[in-house]
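Below you'll find the structure, written out as structure tokens, and then a few comments.
The values are calculated or read from the model by the stated rules, or taken from the named source; none is laboratory data. The model shown is predicted, which means the values in this text are computed figures rather than measured ones. All Cβ positions, even for glycine, are placed from backbone atoms using ideal geometry, and neighbour counts span all protein chains on display. Side chains are part of the model used for accessible areas, which takes the heavy atoms of the whole protein and leaves out ligands, DNA and RNA. Shrake-Rupley method; radii C 1.70, N 1.55, O 1.52, S 1.80 Å.
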Amino acid sequence: MRCLKWIRSALAACSLLPALSLGAEVTVGAFSENLLFSGRWDHGKEYSRTSAPAAMVQFNAQAKELLFEISGEARFRIDEDGKQIAVISTDARDVYKVKTTGTASPHLYRLIKISESNPGGIHLYKVSTDKSGKFLAPPKHNNRRIEFIGDSYTVGYGVEGQLGDPDSFVFKTTNSSKGYAFLLADGFRADFQINAFSGRGMVRNYDNIVPEWPVTRLYEYTVPGLAPEDLDKGVPDESLRYDFGSFHPQVIVIFVGINDFQGNPPYADKDEYKKAYVALLEKLRKAHPGVKFLLVSTKVWPNDDMTPTVKAVYDSQKALGKKDLEFVEVHTENTALHGHPSEHSQADLARTLRSIVARLGGWLSR
């Protein structure tokens, strides 16, 4: 027994093991070497953490069972070769087990966080296989890179629910992998970030909730769900400041403004909104030279102020000679939870934006 305990202890200390009788595992120290991460992640010594919708981990493995050591309240979709094989819900730190199809051949697996964790976040400590399993060379980054900045429409909020469902269904019906942003990125096989926050706006949040934390401020953090240590005082965790040099998108889709002009008044000051929008564009141009933008708008209740205001930003940019952006107004079928786009509408939105994004990224012929 002492010998067996020693062997298990030694194996646990290894970052990546071949196909041995006790299986294989990837611990934090080897995450960057053996797993491919999408979305914003903060990689520490004991765990990697995120709060981004559709944050994803990909890896190649032969396994009958996968084990994920995770803490934090979230829902995850697990795919095998692009097909969903399980959905798990996590909370307290635990090892969550998923049966694969059980075939002996290698497969590409994906762990996708389909829920929104804001405020909050998840911690990933380890990825393992069953006793007979093994990991193979990790997937490679794509030469296509896209970023989405948005609100609940971009999150995929309540996409699996129905208009009129009670509030308690938010966690169970939100599925970022069915949102237009993930569908677009996945269709292009692009590396991506989805930086989206339900209820938040460019300068004013829905019904003026937590007014000190609009999209533009949350966007500054790697794990924005954990950044506000005290929402009442607005004291952020400065160690989570995002490094804008770590990911350079070729196309950025901005779909922000629904919450600025919806809910109970007063609504956002249009001049302040335009000022913040232009400041965001300039910040992103500086961080990502050569990047292209797609400015997206839609009709909002009650005054339909979003579209003319975003269009005014676009027109002013074009008048200044900017050639790196396009504008589109979209229409959605808001029959999902709390009047959000349905699965059909999210898929239709992805199709609507696909040709514009492809043109901006120069991906039409590749």
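L183 passes all but one of (1) of a type in the set (A, V, I, L, M, F, W, C); (2) within 19 Å of Q346 (Cα to Cα); (3) more than 17 Å from the chain's Cα centre (by Cα); which number fails?
Every condition holds for L183 apart from (3).
Can you tell me which of V300, V278 is outside any loop (DSSP other than H, G, I, E, B) and surrounded by 14 or more Cβ atoms within 10 Å (Cβ to Cβ)?
That would be V278, the only listed residue that is outside any loop (DSSP other than H, G, I, E, B) and surrounded by 14 or more Cβ atoms within 10 Å (Cβ to Cβ).
Would you mind telling me which numbered condition in (1) surrounded by 24 or more Cβ atoms within 10 Å (Cβ to Cβ); (2) part of a helix (DSSP H, G or I) G187 fails?
(1)
In segment 239-262, is there at least one residue being over 21 Å from L349 (Cα atoms), open to solvent by 10 Å² or more (accessible area, probe 1.4 Å) and at pLDDT below 95?
For segment 239-262, residues over 21 Å from L349 (Cα atoms), open to solvent by 10 Å² or more (accessible area, probe 1.4 Å) and at pLDDT below 95: present.
Given the residues K286, K270, which is the only one that is farther than 20 Å from W213 by Cβ, among the basic types (K, R) and touching an Asp or Glu at 6+ places or on another chain (Cβ under 8 Å)?
K270
Could you figure out which of (1) among the charged types (D, E, K, R); (2) touching a Lys or Arg at 6+ places or on another chain (Cβ under 9 Å); (3) buried (at least 20 other Cβ atoms within 10 Å of the Cβ) isn't true of K178?
Of everything listed in (1) among the charged types (D, E, K, R); (2) touching a Lys or Arg at 6+ places or on another chain (Cβ under 9 Å); (3) buried (at least 20 other Cβ atoms within 10 Å of the Cβ), K178 misses just condition (2).
From (1) within 19 Å of A196 (Cβ to Cβ); (2) touching a Lys or Arg at 6+ places or on another chain (Cβ under 7 Å); (3) not in a strand (DSSP E or B); (4) not hydroxyl-bearing (S, T, Y), pick out the condition that doesn't hold for R40.
The number of the failed condition is (2).
Looking at L226 and the list (1) modelled with pLDDT under 95; (2) open to solvent by less than 60 Å² (accessible area, probe 1.4 Å); (3) assigned to a helix (DSSP H, G or I); (4) not β-branched (V, I, T), which single condition is not satisfied?
Going through the list (1) modelled with pLDDT under 95; (2) open to solvent by less than 60 Å² (accessible area, probe 1.4 Å); (3) assigned to a helix (DSSP H, G or I); (4) not β-branched (V, I, T), L226 breaks only (3).
Matching residues to (1) among the basic types (K, R); (2) over 19 Å from S177 (Cβ atoms); (3) open to solvent by 50 Å² or more (accessible area, probe 1.4 Å); (4) part of a loop (DSSP other than H, G, I, E, B):
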residue: I70; (1), (2), (3), (4): no, no, no, no
residue: Q84; (1), (2), (3), (4): no, no, yes, no
residue: G102; (1), (2), (3), (4): no, yes, no, yes
residue: S105; (1), (2), (3), (4): no, yes, yes, yes
residue: I112; (1), (2), (3), (4): no, no, no, no
residue: P119; (1), (2), (3), (4): no, yes, yes, yes
residue: Y125; (1), (2), (3), (4): no, yes, no, no
residue: K131; (1), (2), (3), (4): yes, yes, yes, yes
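Is segment 136-147 home to any residue that is in contact with a Ser or Thr (Cβ under 8 Å, 6 or more places away or on another chain) and either open to solvent by less than 10 Å² (accessible area, probe 1.4 Å) or in contact (Cβ under 8 Å) with a residue 40 or more places away in the chain (or both)?
Within segment 136-147, not a single residue is in contact with a Ser or Thr (Cβ under 8 Å, 6 or more places away or on another chain) and either open to solvent by less than 10 Å² (accessible area, probe 1.4 Å) or in contact (Cβ under 8 Å) with a residue 40 or more places away in the chain (or both).
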